[in-house]
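First comes the structure, then the notes that go with it.
The values are calculated or read from the model by the stated rules, or taken from the named source; none is laboratory data. What you see is a predicted model; the values in this text were computed from it and never measured. Counting neighbours? That spans all protein chains shown, and the Cβs are built from the backbone with ideal geometry, glycine included. We work out accessible area using only protein heavy atoms, side chains counted, and drop any ligands, DNA or RNA first. Shrake-Rupley method; radii C 1.70, N 1.55, O 1.52, S 1.80 Å.
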Amino acid sequence: MTATVANDSSLSLLVVEDDDGERSLLADALALRFPELTILQAADGNAGWQLCREHAPEIVLADICMPVLDGISMSRRILAEFPNTHIAIISGNSDTTHLLEAIRLGIRQYLLKPLNYDSVFQGIAEWLERLHLERQVTRQNEQIRKLWRGIEQSPAVILTTDVAGNVECVNRRFAELTGRSETEVLGRHLEALFDSLPEGLARLVEMTGPRPAQPAEHAVAAFYECAVRRRQGESIPCLVSAAPAFDPDGSFRGTSVVFTDISSRKKLLDETVRAQKLESLSVLAGGIAHDFNNVLTGILGNISCAQALAPPHHPIRSPLFDAEEASQRAAQLARQLLAFARGGKPVKKRVLLRNLLEESVTSALSGSGIGAVVKAGDNIGLEVDDRLVQQAFANILTNAAQAMPAGGTVTVEATGVHLGADNLIGVSPGHYVRITFSDAGCGIPQEVLDKIFDPYFSTKPGCPGLGLSSAYSIVVNHGGHIGARSWVGKGTAVVCHLPAGASGPVPQPAPAPRPLPAAPTGAPVLIMDDEKIVRKVAGKMLESLGYQVTTCTCGEQAVELYREAKLAGAPFLTVLMDLTIPGGMGGKEAAREILALDPQARLVVSSGYFDDPVMSDFKEYGFWAVMPKPYKLSDVEDLMERLAEPDGVSAGSGLEACA
């Protein structure tokens, strides 16, 4: 067996001839005439069959009479394994038996020796042209298959219409998105797919009749946002792009339309817009609430002083009581404003979710006639500010209870989930706890559902509309997400995702009280506050309790007054310090300097920002107690009594005494 390969062309031709001279002469002539072909040579049928198995030539020229394996038998093997091979039989005689056998195998070219090379070349040229066409068709078919596969598996809906705007073809995504089968929509006008057809798209699908050819850069393309109608009746927001389709002669043949479901994108955008809006409002609300608490301190403090001065049965006591009650309601509104505004300042620690939920249920539903079922594992942990999250949970539960005026049960379920980077709620990837609060109330209409977390939005008369917005602010600023699903007449489910914490028991901090001496009559007390009305009313209340009061407006003055009093041997019994002083040293910084002078200084922090981290963890900043604004005479009296107790003031007692 001999074989030669002329080049590494993509097409090859095999010459099988037992006469070495004829084989070489034919191979050389073919190589000269068709340089693009790789020429293979074999001296017998068996060698030719082996070369076919190795190289799969597109064309085979085979002599019939050969040793080992004749041309007809070799051709039979080749066509059985490579049915698209073009074979020409070469023979030195005109025996029709071989011709009929070749025809039965599907061989259509039969060459007689001596060969006419022009005829051979013409036949091969025709085969090559046919092969090139076949390959071109194969490539085009493969491209069409790939394109159709891409269209069918596209995440977007792709469809085409005829010149009248009737749907001709849709991909598989259409059925997935709309719930309609292909047969339901084929032949229907494009308008049937949309709630309302955008004006520009309507003009586009109305184009009819032949049109002059136009450059591609001048072809009309349109992009719209509209609602696509599902089979069940609801609508899906989609981004629609469309362009006219033309034949090569410029005739308009219809419209190509692509629309993509943007509901998830719109939800994320709405969340972003809501977060930005809440952030702007929170700055305003926080400042208003802080100033409002300062004013309320003056009002409530003076009311309590007037009550103390009024005789037990004096008629003035009734309006004073009403004024105090109104002030307390105003203080509660300020607290809601601050919870909404200051939800972004959580002091996180590891807590057990079940304890948090049970405390929230008790505070929100006690006495309401609404039951609760809590489904949460005993060891599910969270990394949160427990006070703020408990308030958020309580607000959600209160809202659920209000949705069931005739009574019912709120179900609270918690489960751990892992959210990847491609999650649809826009939080960072990681482990979360999903908490679902489900009620069986009246439900919320879809057109209202997207507004329930907006500040001051409420469907209930007399409600300020801050409960769910403050819950939203708290959850989002913990790195979580809150959303809602509702079914009119069946109920609502509010779903929170919060970052998961470690499981297991939560260690309880050991109390570290410091004993204090009893407060002597006439003991000096220092008040630091930038608001005159607060300094005045706080001083009035302390003086009514028998204390000598000194006031100042900023931390620098407080530090200097404390230093002078200590050097004079008459240190202040306590210092009541405002936490925030615009343009000056606040309570936290002043406390640091005073404690440097006197580590045993008895400092009390006071602020209209009741949920500031310093207020919740006052001992970590060196304070002995807290006095949230607004406060009244009984709160001040209780605080001073606690300062004089042998066990001192324990963590949190100031909040309990003065809230």
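Once both labels are positioned 7 Å from their Cα atoms along Cα-to-Cβ, the gap between ILE533 and GLU359 label points is 3.3 nm. Relative to the 2.2 N^0.38 Å rule of thumb, the stretch 135-187 has a C-alpha radius of gyration ratio of 1.32. Ligands, DNA and RNA left out, the accessible area of the stretch 49-112 computed with a 1.4 Å probe is 52% carbon and sulfur.
This model, with +1 at the C-beta of Lys and Arg and -1 at the C-beta of Asp and Glu, gives the stretch 1-152 a dipole about its Cα centre of some 720 debye. Listed by chain and number, the lysines whose alpha-carbon sits under 20 Å from that of LYS451, ignoring those within fewer than 8 places in the same chain, are LYS266, LYS267, LYS277, LYS460, LYS490. With a Förster radius of 41 Å applied to the C-beta separation of SER241 and ARG135, the computed FRET efficiency comes to 0.70.
Heavy atoms of the protein chains alone define the surface here; on that basis the stretch 57-175 has 56 Å² accessible area per residue at 1.4 Å probe size. For the modelled label position 7 Å from the Cα of THR436 along Cα-to-Cβ, which residues of the stretch 390-419 have backbone nitrogen atoms closer than 15 Å? Only 410-418 fall inside the zone, counting backbone N under 15 Å. Estimated from the Cβ-Cβ distance and a Förster radius of 30 angstrom, the FRET efficiency linking ASN379 and ASP617 is about 0.75.
Accessible surface of the stretch 386-431, 1.4 Å probe: 52 percent of it comes from carbon and sulfur atoms. For the stretch 145-165, backbone nitrogen atoms closer than 20 Å to the point 7 Å from ARG231 Cα along Cα-to-C-beta are found at 152-160.
Peptide packing for 447-454, 312-319 was compared via the average number of neighbouring C-beta atoms within 10 Å per residue; ordered from the highest value, the list is 447-454, 312-319.
Between LYS451 and ASP598, the C-beta separation translates, for a Förster distance of 51 Å, into a calculated FRET efficiency of about 0.40.
Pairs from the table (LYS532/LYS632; LYS349/LYS588; LYS532/LYS619; LYS348/LYS532) lying more than 23 angstrom apart at Cα are LYS532/LYS619; LYS348/LYS532.
The candidates ASP529, ASP261, arranged from most to least accessible area with a 1.4 Å probe in the full protein assembly, appear as ASP261, ASP529. Residues in the stretch 615-632 carry Karplus couplings, in order, of 5, 7, 10, 4, 5, 5, 9, x, 7, 8, 7, 10, 9, x, 8, x, 9, 10 Hz; the curve used is 6.51 cos²θ - 1.76 cosθ + 1.60 with θ = phi - 60°, and Gly or Pro positions show x.
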